[in-house]
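Presented below is the structure to which this report refers.
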Amino acid sequence: MESRAEPKPMLGWAGRQWSLASLVPLGAWPCHSPGVPSTPVTDTEPAEKMPGTRLALGGLIFLTFLFISILVAVFVLDQANHKDKVSRHITLAGERIGGLNQTELRSTVEKLATRYQDTSVVVGDKESTFSVPAKAVSLTLDKASTLDTALRTGKDGNAIGRFGWWLSGFMSANKSRVQINFDDSKLRDAIARGDQGPRSAAVEPSFVLDHNRLIAVDGANGNGIDVEDAATKLYEKASAGTPIQLRLQRKPIKPRYTKGDAERLANDVEANALSPLELRAGTMSKTVDATAMRPWITTAPGPTSLEVHVDTTKLGRDLEKLFPNAGTQPQEPSWTVIANQPVVSSGRDGTVCCDPSAPSAVGDAVLARIRAATVATPVDVPLRAARPSTTEEDIPKLGIIESIGTFTTNHAAGQPRVENIHRIADLVRGHVIKPGETFSLNGYVGERTTDKGFVVDHVIEDGKFAEAVGGGISQFATTLFNASFFGGLDYGEYQAHTIYISRYPYGREATVAYPHPDLQIRNTTPYGVLIWPSYTATSITVTLYSTHYAAGEQTGQSTAPRGACTHVTTERTRSYADGHTAVDTVNATYQPEEGKKC
């Protein structure tokens with residue numbers, strides 16, 4: 001009996017056997033010559049005698065090659081069809097642009113450009129956020145580059161890469177990136193303004209003066225949102241579309257430049273020794289040397305490097321000290337009194353140091369010196385226009401039209417003290433106390449010196465009679481005090497003589513010394529008050545001119561002991577133009593005699 005192995009079944013479908021490669025029914029394939037008995041294939045036969053397996057594998061390879069060939073052909077045809085169009089399955093900032101021609105694409109890009117122009121960038125960390133308008137950082141869509149990028153997307157690189165990219169588009173749309181521009185420095189400024197912290201700015205390296213030489217000092221770390229991170233993420237997010245949200249972490253922020261950068265600049269400055277610079281402001285000229293210029297020199301971060309700069313704030317202050325009297329000082333309106341009627345003449349505009357552009361003009365010349373460039377000398381220091389504190393338009397508003405208070409005190413003629421009384425009267429005459437202002441006699445006249453025309457006469461010092469320059473001007477102070485008393489004005493600082501002098505009203509008088517005690521008159525009325533002293537050989541009179549607002553009169557007086565001294569309280573009743581009245585008091589304390597204090 002002959003033994004046979006059962007043939008292994010091939011993969012079948014619907015009861016028939018098929019080759020995976022050729023998909024030809026195995027029973028129909030001619031495996032032997034006609035007339036020759038068929039010999040079954042057994043498990044013991046060699047593999048090379050299995051032509052069906054080889055044919056199946058060959059068929060699979062053929063079909064795969066055929067399929068890929070068809071895909072490649074379709075890819076080549078599709079690429080050719082989109083030569084002047086956007087490739088298939090592409091989006092731009094969320095907009096489908098696959099297959100668009102250049103005109104259609106340009107229209108889409110224009111719409112996107114408008115969207116970017118009107119958008120905002122939201123910046124922040126997990127704690128807080130703030131919004132920055134795109135315009136604030138000059139964020140714009142680069143239309144030409146965006147258009148070009150979209151048309152080239154999927155068409156660059158080698159053929160295999162382009163083919164793979166094309167196939168991936170059938171799974172999910174490929175993206176073309178929007179090309180944007182923005183200003184890094186404006187982004188830095190916007191973050192500095194909008195970030196509520198916690199944050200601290202990094203300090204860039206700079207210079208200090210050491211024995212009149214510029215020495216570099218290191219910067220210091222700050223903390224907050226890193227602008228470099230923000231710029232990188234802004235480009236990434238904005239290129240993908242809107243809205244634009246930048247989620248950032250706070251971290252130490254290093255200075256942009258190093259101490260070595262500052263050292264190189266310091267060496268450059270010192271190598272180009274600063275030659276003297278002549279400055280001219282109006283008719284005045286000054287020469288500044290390297291010693292004067294070095295404190296103005298500092299550093300500032302530039303776009304790509306640390307740069308030498310001039311501290312224009314410090315320079316501006318120094319220019320004002322160099323040229324305190326440059327130009328023509330403005331002239332205030334001048335007052336006179338004719339037949340008891342105030343008359344004013346207009347003031348005049350002038351020029352003073354310095355115009356706001358002056359520090360920059362001089363700073364540019366200093367920087368040119370550092371760069372060893374030629375500088376035209378002298379360098380003009382621009383002056384600024386200056387108007388009087390009281391303009392012609394202000395004069396009618398002051399309401400200086402009538403006498404509101406006057407007082408006269410008498411003195412013996414020919415004494416040195418009379419010179420002092422006349423001198424201080426001349427200095428104060430014509431001054432206007434504006435509404436809301438306080439007039440300080442010491443502040444206005446200053447210390448009494450012989451250079452100002454004062455002489456030596458009697459004073460009271462520490463409760464005793466003595467002599468000093470300016471003795472006798474307390475009589476002027478007392479006269480002004482009483483004119484203000486009856487004119488209804490208020491007082492700031494004042495003090496009566498410590499020893500009563502019979503030529504003054506008892507309890508209603510004032511003394512002055514420099515710097516204290518002072519006499520201060522406060523103008524709490526809505527009008528200006530003109531101080532107008534006049535004198536004779538034996539008297540001094542002070543008249544105040546304004547618009548009647550309140551009239552004062554003495555309505556009572558009382559005394560009380562204060563140790564060995566007598567304290568005097570004088571009551572004043574003020575009657576106001578609107579009909580109401582108010583009561584206040586002035587005070588004085590007198591020693592019983594010279595040298596005997598309270």
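Per-residue answers, yes or no, for (1) touching a Gly at 6+ places or on another chain (Cβ under 6 Å); (2) under 16 Å from Gly487 (Cα atoms); (3) open to solvent by less than 50 Å² (accessible area, probe 1.4 Å):
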site	(1), (2), (3)
Pro388	yes, no, yes
Ile395	no, no, yes
Ile401	no, yes, no
Ile404	yes, yes, yes
Thr408	no, yes, no
Ala413	no, no, no
Asp426	no, no, no
Arg429	no, no, no
Ile433	no, yes, yes
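Contact annotation: residue pairs with Cβ atoms under 8 Å, 6 or more positions apart or on different chains, pairing a residue in region 143-167 that is free of Cβ contacts under 8 Å to residues at least 24 places away in the same chain with a partner that is open to solvent by less than 30 Å² (accessible area, probe 1.4 Å) and assigned to a loop (DSSP other than H, G, I, E, B), are Trp165/Gly154. Scanning region 309-317 for any residue that is touching a Pro at 6+ places or on another chain (Cβ under 6 Å) and without any contact (Cβ under 8 Å) to a residue 24 or more places away in the chain turns up nothing. Number of residues in region 367-386 that are farther than 19 Å from Phe323 by Cα, part of a loop (DSSP other than H, G, I, E, B) and open to solvent by 30 Å² or more (accessible area, probe 1.4 Å): the value is 5. Annotation note: of Gly471, Gly453, Gly492, the sole residue that is open to solvent by less than 40 Å² (accessible area, probe 1.4 Å), under 24 Å from Gln591 (Cα atoms) and at pLDDT below 95 is Gly471.
Residues in region 306-328 that are open to solvent by 40 Å² or more (accessible area, probe 1.4 Å) and in a loop (DSSP other than H, G, I, E, B): Asp311, Pro324, Asn325, Thr328. Starting from residues that are touching a residue at least 60 places away in the same chain (Cβ under 8 Å) and touching a Gly at 6+ places or on another chain (Cβ under 7 Å), keep the ones in region 329-343 and report whichever is surrounded by the most Cβ atoms within 10 Å (Cβ to Cβ). Restricting to residues being touching a residue at least 60 places away in the same chain (Cβ under 8 Å) and touching a Gly at 6+ places or on another chain (Cβ under 7 Å), the top hit is Trp335. Could you please give the count of residues in region 529-557 that are surrounded by fewer than 16 Cβ atoms within 10 Å (Cβ to Cβ), touching a residue at least 60 places away in the same chain (Cβ under 8 Å) and outside any strand (DSSP E or B)? Number of matching residues: 2.
Okay, residues lined up against (1) more than 30 Å from Asp229 (Cα to Cα); (2) loosely packed, with under 13 Cβ neighbours inside 10 Å:
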site	(1), (2)
Asn81	yes, yes
His89	yes, no
Val109	no, no
Arg115	no, no
Ser120	no, no
Lys126	no, yes
Lys135	no, no
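The values are calculated or read from the model by the stated rules, or taken from the named source; none is laboratory data. This structure is a prediction, so every number in the text was calculated from the model and none was measured. Neighbour counts run over all protein chains shown; Cβ positions are idealised from the backbone, glycine included. Only protein heavy atoms, including side chains, enter the accessible area calculation; ligands, DNA and RNA are left aside. Shrake-Rupley method; radii C 1.70, N 1.55, O 1.52, S 1.80 Å.
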